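Taking it in order: structure first as structure tokens, then the write-up.
A short reminder: the numbers here are calculations on the coordinates, not readings from a lab. A quick note: this is a predicted structure, and the numbers were derived from the prediction, not measured. Here the Cβ positions follow ideal geometry from the backbone for every residue, glycine too, while neighbour counts run over all protein chains shown.
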Amino acid sequence: MVSDFVSADYGWLRSPNGNESACVLFKAGKGSDGYFTNDEIVAQVGNAMDILVKHYLNEEHIFMFDNAKTHLKCAIDVLSARKMPKSPSESWGIMVIAKDANGKRS
């Protein structure tokens, strides 16, 4: 897989001499390099911004992303409907004590 930045005016984001690049190549999947995480995206953008500030300071830059996985980023301990069972399960959920209308255990 490739993660890179492109400009309609300049093409792929590179330094003028071509020695600096924000391009990241990786093999996606559990058995390879893994997946491109939010932290890796932030690091890549930092690298891209360093190139822009160093070589293209007098230009206005706008970053746009098309990466559905970044939209799923959330806290590690957040509840997720994706992890819930599709059918009733004895191994998932919390114990609830049934009570009657007066608040006593039934």
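Could you give the nm distance between label points at Arg105 and Cys74, where each point is 7 Å from its Cα heading toward the beta carbon?
Result for the modelled spin labels: 3.4 nm.
To one decimal place, what Kirkwood hydrodynamic radius in Å is obtained for the chain from all pairs of distinct Cα atoms?
Values: mean 1/r = 0.0545 Å⁻¹.
Hydrodynamic radius (Kirkwood, Cα pairs) of the chain is 18.4 Å.
Please find the FRET efficiency linking Lys83 to Glu40, where r is the Cβ-Cβ separation and R0 is fixed at 25 Å, and quote it to the nearest 0.05.
0.60
How big is the antiparallel share of DSSP beta bridges in the chain, given as a percent to the nearest 5?
Numbers: 7 of 8 bridges.
Around 90 percent antiparallel, to the nearest 5.
Net charge within 10 Å of Ala22 by Cβ-Cβ distance, Lys/Arg positive one each and Asp/Glu negative one each, not counting Ala22 itself? Show your work: numbers first, answer last.
Working: positive: Arg14; negative: Asp4, Glu20, Asp50.
Net charge in that neighbourhood comes out at -2.
How large is ³J(HN,Hα), in whole Hz, for each residue of region 74-80 in order, when computed from phi with the Karplus curve 6.51 cos²θ - 1.76 cosθ + 1.60 and θ = phi - 60°, using x for Gly and Pro?
7, 4, 4, 9, 6, 5, 9
Test of understanding: what is the full-extension gain from Val24 to Ser3, defined as 0.36 nm times their sequence separation minus their Cα-Cα distance? Write down the numbers at each step before the final one.
Details: separation 21, 0.36 × 21 = 7.56 nm, distance 0.52 nm.
Gain in length upon complete extension: 7.0 nm.
By how many degrees, 0 to 90 and rounded to 10, does the Cα axis of helix 38-55 deviate from the longest principal axis of the chain?
20
Nothing charged except the Cβ atoms of Lys and Arg (+1) and of Asp and Glu (-1): what's the magnitude of the dipole of the chain about its Cα centre? Round to the nearest 20 debye.
On the way: 12 positive and 13 negative charges, 197 e Å.
Computed about the Cα centre, the dipole is about 940 debye.
When you count, for each residue, the other Cβ atoms within 10 Å and take the mean per peptide, how do 75-88, 21-34 rank with the highest first?
Working: 75-88: 6.7, 21-34: 12.1.
Taking the mean over residues of other Cβ atoms within 10 Å, the ranking is 21-34, 75-88.
Can you give me the distance in nm between label points at Glu60 and Trp12, each placed 7 Å from the Cα along the Cα-to-Cβ direction?
2.8
What 222 nm value per residue comes from the helices of the chain, counting each DSSP H run with n ≥ 4 as -39,500 (n - 2.57) and dividing by all residues, nearest 500 deg cm²/dmol? List each step's numbers first, then the result.
On the way: 1 runs with 18 residues, N = 106.
After summing the helix terms and dividing by the residues of the chain, the value is -5500 deg cm²/dmol.
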